[in-house]
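Have a look at the structure below before the remarks.
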Amino acid sequence: MNSGTPAGASSLALSGGGTDLRREDLHPSVSDPVMDTMNFLNEITLRYPEAISFAPGRPYDGLFDVEQIFSYVRRYLDHLAQQGESPARIREALFQYGPTAGRIRELIAGSLRADEGIDVLAESIVVTVGCQEAMFLTLRVLFSRPEDVLLVSSPSYVGITGAARLLGIEPVGVNECIEPVGVNEHEGGLSCADVEAAVAVELAAGHRPRAIYVTPDHSNPSGVTMPLRTRHELLDLAARHDLLILEDSPYRLVSQAIRLPTLKSLDRGRRVVHLGSYSKTVFPGARVGFAVADQTVVDAAGRSGFLADELAKVKSMVTVNTSPLGQAAVAGALLESAGRISDLNNETAKYYDDTLRTTLRCLDRILPPARRARLGVGWNRPSGGFFLTVKVPFRVDNAALARSAQDFGVIWTPMSYFYPQGGGERGIRLSTSYLTHDEIESGIERLAAFIASASEAS
Ligand SMILES: Cc1ncc(COP(=O)(O)O)c(C=O)c1O
C-alpha cells in the first residue's frame, strides 16, 4: 500500500528537467523503512479525514492556552530582573545566540531535585532541541568504533532507532514482554536475563555493547512500566558489563499513577544518561529537552570534565544553541511551579489518565471476555501515559491499516513500526491522548468491528 512516493514530492520535481539524484547514492538512513512508515501514517490520516485516529502520540491541544506562553516568558524575564540582570542583559537573553549548553540549566537542575530526587550539578546538563536532539548528541559522542552496539528495549520509540541509523549505528532490539489484559503490568516489560543474553551474543560476535536505551515509564509504544526490581537489576547489569543506560521518560509526569524512582535517581555509579523532554509536560512547540550527562571524561593529559561538555561540542555543530525563546517559556513554567513540573501537570495528568481509563473501559465493554477469547484479542493495562498495546490474531501491516481506515473509519499504528529488527506483526498501538470520550467510544466500536472482520478473514 505504500506508494513509495516520498512525502512532499511535487509533480514539478517528478516531471524531469532538473537534476536527478539516485536514492542509492544518498545516505542509507533515508531509505530506512521507518522513515517511510511515518509518511504512510500521515498519508492515511490525510486521505481519511473522517476516520477516528488513535495514531498521534501528541499532547491534547485543548489543554493549551496561547496566553500561557506570554505569561511564562514574562515570568522568566521578571526572574532575570530579580536576579539583578540589567535590561541590556535581559534583552540579550531573548534576542541573541546563547550559550551552547543552554541558559536554564540551574532551573532544570533545581526542578530535577524537586520533582525526581535527581541531584546533579547544572554543569552536567545540556539543554537540547527536544529530547530528540539529546538522543542524537548522546549517540554521536558515545559511539566511536564500528563494533559499538546500541541495545534498545523493543518495541521502542522510533526517534532512537532513527537517530542511531542516521549515525550508522545499528540498533539491536531486546524484546520486552507485553502482557495481555488482566495481568499486573508490573510483571511484564524488559527482562534483564534477555539483556544479559543479548550482551553475550554481541560480545561473541566481536561487538561492544555500549549502551541500552529504555523508556521505563508508560513506554512509547507499549505503555509498559519497568518494575522497581528490574530498575535495580538493570543498573547492576550495566555496572557488570560496563554499559551505559540511556533513560528516556517523557510520560512519567503526565500521569497520577504511582511513580517509581527514575533510573537516574537510583544511579550510584553514573551509569545513566537521563534524556529529558518538556514536550508532554510543558508544550512540544517549545522544542526544549535536555540531557543529564554527569559522567566524567578524562583526556590523555589527565584533564577531566563532564560528558555534557562533549555533548555541547557536538551541539555547537548541529543546532548551535536551543532557541532562547523556547527556553524562556519552559523556564517560566519551571518558575511558576517552583520546579515541580508534576504539580504544574496535575490537571493534565488527570486528563490523560481519564482518556486512558476510558479507552480501557470501552475495550472491556465492547470486547467482553467471551468475545475477546473467541476473536483471540487482548491488550495490556498501562497505569498511565499515552499508549497501550492491542494484540490481534492476524498480521497487522500497512494494508490492514489502509483497510481499517477506509472500511471502518479508524486509524492506529502497526506495532511492527517499533521493532528495529522485525517483530510485533500482531500488535496495534493505540494512542489515547488526543481524543474526546465520544471519539474514543466510537473509535473502539470501529476498531472492534475491524478486528472481528480481519479475524474472520485470517
Ligand atoms: C519516548 C519518547 N522520547 C522522546 C520523544 C521526543 O521528545 P521531544 O519532543 O522532546 O523531542 C517522544 C515523543 O513523542 C517520545 O515518545
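Rounded to the nearest 20, the size of the Cβ-charge dipole of region 83-159 about its Cα centre is 240 debye, with Lys and Arg at +1 and Asp and Glu at -1. A cut-off under 13 angstrom between Cβ atoms defines the neighbours of Leu375, and their net charge, with Lys, Arg +1 and Asp, Glu -1, is +4.
Projected label points at Ser31 and Gln83, each 7 Å from Cα along the beta carbon direction, are separated by 4.9 nanometres.
Once the chain from Asp299 to Leu121 is taken as fully extended at 0.36 nm per residue, the excess over their C-alpha distance is 62.0 nm. Beta bridges assigned by DSSP with both partners in region 78-343 are antiparallel in approximately 40 percent of cases. Net length available on complete extension from Ala457 to Glu24 is 152.1 nm, with 0.36 nm assigned per residue and the Cα-Cα distance removed. Think of each Lys and Arg Cβ as +1 and each Asp and Glu Cβ as -1; about the Cα centre, that makes the dipole of region 49-204 roughly 840 debye.
Rounded, prolate or oblate: which one fits region 135-288, using the alpha carbon gyration tensor with axes a ≥ b ≥ c (rounded when a/c is under 1.5, else prolate when a/b beats b/c, else oblate)? Note, shape of region 135-288 comes out oblate.
A simple charge model with +1 on the Cβ of Lys and Arg, -1 on the Cβ of Asp and Glu and nothing else charged puts the dipole of region 307-458 at about 560 debye relative to its Cα centre.
Modelled spin-label separation between Asp65 and Arg91, with each label point placed 7 Å from Cα along the Cα-to-Cβ direction: 3.2 nm.
Give me the percent of DSSP beta bridges within the chain that run antiparallel, rounded to the nearest 5. Approximately 50 percent, going by the DSSP bridge assignments.
Alpha carbon centre of region 196-238 versus region 115-135: separation in Å? The distance from the Cα centre of region 196-238 to that of region 115-135 comes to 21 Å. Across region 375-390, rounded Karplus estimates of 3J(HN,Hα) from the backbone phi angles (6.51 cos²θ - 1.76 cosθ + 1.60, θ = phi - 60°) give 7, x, 10, x, 8, 8, 10, x, 7, x, x, 9, 10, 9, 10, 10 Hz, Gly and Pro being marked x. Compared with the alpha-carbon gap, the fully stretched path from Lys350 to Leu325 is longer by 6.1 nm at 0.36 nm per residue.
Which FRET efficiency, nearest 0.05, do Arg270 and Asp438 yield, Cβ-Cβ r, R0 41 Å? Rounded to the nearest 0.05, the efficiency is 0.25. Projecting the Cα atoms of Cys131, Pro284, Thr215 onto the dipole axis of the chain, where Lys and Arg carry +1 and Asp and Glu carry -1 at the beta carbon, places Thr215 farthest toward the positive end. Peptides 34-47, 424-437 ranked from most to least packed, by the mean per-residue count of other Cβ atoms within 10 Å: 424-437, 34-47. If you take every DSSP beta bridge fully contained in region 223-374, what fraction is antiparallel? Give it as a percent rounded to 5. Here the share of antiparallel DSSP bridges comes out near 65 percent. Divided by 2.2 N^0.38 Å, where N counts the residues, the Cα radius of gyration of region 78-343 comes to 1.01.
Taking amide H as placed 1.01 Å from N in the peptide plane, the amide H of Tyr213 sits under 5 Å from that of Leu151, Val152, Ser153, Leu246, each at least 5 places away or on another chain. When the helices of the chain are scored as -39500 (n - 2.57) per DSSP H run of n ≥ 4 and the total is divided over every residue, the value at 222 nm lands at -13000 deg cm²/dmol. What FRET efficiency comes out for the pair Ala204/Arg361, r = Cβ-Cβ distance, R0 = 51 Å, nearest 0.05? Computed FRET efficiency for Ala204 and Arg361 comes out at 0.60. Please work out the FRET efficiency for the pair Val318 and Asp343, using the Cβ-Cβ distance as r and a Förster radius of 30 Å; give the result to the nearest 0.05. The computed FRET efficiency comes out at 0.35.
Bear in mind that the values in this text are calculations on the coordinates, not laboratory data. Quick caveat: nothing in here was measured; it's all calculated off a predicted structure. Using ideal geometry, Cβ is built from the backbone for each residue, glycine included, and neighbour counts are taken over all protein chains shown.
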